[in-house]
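Let me begin by presenting the structure, written as structure tokens, before commenting on it.
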Amino acid sequence: MDDLKKFLAPLRRLDPVAGITTFVLLGLGVVFIFSAGYGRESQQWWRQLLFIAMGIPVYLGAALFDYRRLRDWAALLYVGSLALLAGLFAFGMATHGARRWYNLRIILFQPSEVAKVALIALLGVWFSDPLRSYRRPSAVVPPLLLTGIPFGLIAAQPDVGTAFILLCIFGAMYFIAGASWRMLGMLTLAGLLSLPVAWTLLRPYHRDRIMVFLEPDRDPLGRGWNVRQSQMAIGSGGLHGKGFKQGTQNLLGFLPTTVAPTDFIYSVIAEEKGFLGASLMLFLYSVVFVALAHTALRAPDPFGRLITIGILAMFCAHVTINVAMTVGLMPIIGLPLPLVSYGGSFILSMMFALGLVQSVHIRRL
């Protein structure tokens, strides 16, 4: 018993603000997933409860794990994630022309979620090396290649949204590692110059989504349907919303049932709880952002600071892009809302990542 108490003692140093807010968001996710499937005999809400139950020991286990030991496993984790990504093209489940998941019966396992955490760990090792200077152009090539390999494998699935998240992670960690504004400007310019080539590599439906974003009335009954119905759902919620389980855009199927509990769960929340409810959701996310940033500032070493920044960038990019695409400020790229959207692999990976941040917080200065 004494050994168990000693083992669990570090949990007393958990960040209560980040922890409580995380589980509040998880609970709200279950509530609105239930509402999104109301009247359709959907089983997704209790499956989400199952995923959360699986995620709790993952979260606490990651918090108890000394994040500094991750340095020794980062390369292996990265190589393993690449193997899983490559294996999708032979053994992955084909859905609507994409191969993003392994069907494990209990859960659809999405290896790109592992790849995000693996990349954060390996870039954390690379960028925390005190002998490297990141103001020289040549210094950025190796970490850019490390990012480019999983980026290419994920984009080829195709999953452009998740691939883009890897670039956000790289950019944030490179900046914190000491990149000069000149280097960041050069990389941004190179990215802009590569857009014509990227356009030719996109699938036709990706191009259609971009064209619908640029010209909203282009295909209102086709590619533009989801975003148009999402905007109508958010706008019709008004200040206070229509009430729980009363969102007509959702319940009548105008907001498609395939996306309401996942990529467009924010639209369901805004329709039912209005501007106030949607704003409260964003406030809760901002609390998590600030808590993660505070942990990064007090991290005991550069590695801890960098992986915390990488996880913060991943979390922030998911929230920003998801909300932006539901209101029509970005093209639809299929990114879920952290801790709230339905999805097993996504919930587990997010809880592991947030647990790692707690591990850094426990060992803070």
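The values are calculated or read from the model by the stated rules, or taken from the named source; none is laboratory data. Every value quoted in this text rests on a predicted model; they were computed, and no experiment measured them. Quick reminder, even Gly has a Cβ in these numbers, built from the backbone with ideal geometry, and neighbours come from all protein chains shown. Calculation scope for accessible area: heavy atoms of the full protein, side chains included, ligands and nucleic acids excluded. Shrake-Rupley method; radii C 1.70, N 1.55, O 1.52, S 1.80 Å.
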(message) 5 Å is the cut-off here: which amide hydrogens, built 1.01 Å from N in the peptide plane, fall below it relative to R100, excluding neighbours closer than 5 in sequence?
(response) M93, T95
(request) Report the calculated FRET efficiency for S194 and A156 (r = Cβ-Cβ distance, R0 = 25 Å), to the nearest 0.05. (result) 0.95
(message) Considering all projection directions equally, how large on average is the shadow of the alpha-carbon convex hull of the chain, in square nanometres?
(response) 19.3 nm²
(request) Using only the alpha carbons, work out the radius of gyration and Dmax of the stretch 169-222 in angstrom. (result) 16.1, 48
(request) Report P(r) for the stretch 64-121: all Cα-Cα distances, bin width 5 Å, range 0 to the bin holding the largest distance, values in whole percent. (result) 4, 20, 23, 20, 15, 11, 5, 2, 0
(request) Could you please state, rounded to a whole Å, how far the C-alpha centre of the stretch 114-136 is from the C-alpha centre of the stretch 81-108? (result) 27 Å
(message) Using +1 at the C-beta of Lys and Arg and -1 at the C-beta of Asp and Glu, which of G161, P16, Y134 has the Cα lying farthest in the positive direction of the dipole of the chain?
(response) Y134
(message) With every protein chain kept in place and ligands, DNA and RNA left out, what is the accessible area per residue of the chain? Probe 1.4 Å, answer in Å².
(response) 47 Å²
(message) Kirkwood hydrodynamic radius, the stretch 108-191, all distinct C-alpha pairs: what's the number in Å?
(response) 13.3 Å
(request) Jot down the radius of gyration and Dmax of the stretch 239-365, Cα atoms only, both in angstrom. (result) 16.4, 53
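Apply 1/(1 + (r/R0)^6) to the Cβ-Cβ distance of T257 and A293, taking R0 = 35 Å, and write down the FRET efficiency to the nearest 0.05. Can you show the working numbers first?
On the way: r = 37 Å, r/R0 = 1.05.
The calculated FRET efficiency here is 0.45.
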(request) Answer with one residue from G152, V227, I176: the one whose Cα lies farthest towards the positive end of the charge dipole of the chain, charges on Cβ with Lys, Arg +1 and Asp, Glu -1. (result) I176
(message) Quick check for you: which residues of the stretch 160-187 have the amide N under 15 Å from the point 7 Å beyond the Cα of R68 toward its beta carbon?
(response) none
(request) Give the Rg (one decimal place) followed by the Dmax (whole number) of the stretch 167-325, computed from C-alpha coordinates and expressed in Å. (result) 19.3, 54
(request) Report, in debye and to the nearest 20, how large the dipole of the chain comes out about its Cα centre when Lys and Arg carry +1 and Asp and Glu carry -1 on their Cβ. (result) 540 debye
(request) Would you mind putting 250-256, 153-159, 52-58 in packing order, based on average other-beta-carbon counts within 10 Å, highest first? (result) 153-159, 250-256, 52-58
(message) So for each of 111-124, 297-310 I average, over its residues, the number of other beta carbons within 10 Å; can you give me the resulting order with the highest mean first?
(response) 111-124, 297-310
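Roughly how big is the stretch 236-313's charge dipole about its Cα centre, with Cβ charges of +1 (Lys, Arg) and -1 (Asp, Glu), in debye to the nearest 20?
Taking the Cα centre of the stretch 236-313 as origin, the dipole is about 140 debye.
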(request) Please tell me the relative contact order of the chain in percent, rounded to the nearest whole number, where contacts are Cα pairs under 8 Å and at least six residues apart. (result) 29 percent
(request) Show me 180-191, 335-346, 23-34, 132-143 ranked by packing, highest mean number of other Cβ atoms within 10 Å first. (result) 335-346, 23-34, 132-143, 180-191
(message) Test of understanding: what is the full-extension gain from M54 to T95, defined as 0.36 nm times their sequence separation minus their Cα-Cα distance?
(response) 12.2 nm
(message) Is there a quick way to get the dipole size of the stretch 187-280? I mean about its Cα centre, with the Cβ of Lys and Arg at +1 and of Asp and Glu at -1; what is the value in debye to the nearest 20?
(response) 100 debye
(request) Any chance you could run the full-extension gain for S279 through L4? It's 0.36 nm times the residue separation minus the Cα-Cα distance, nm to one decimal. (result) 94.8 nm
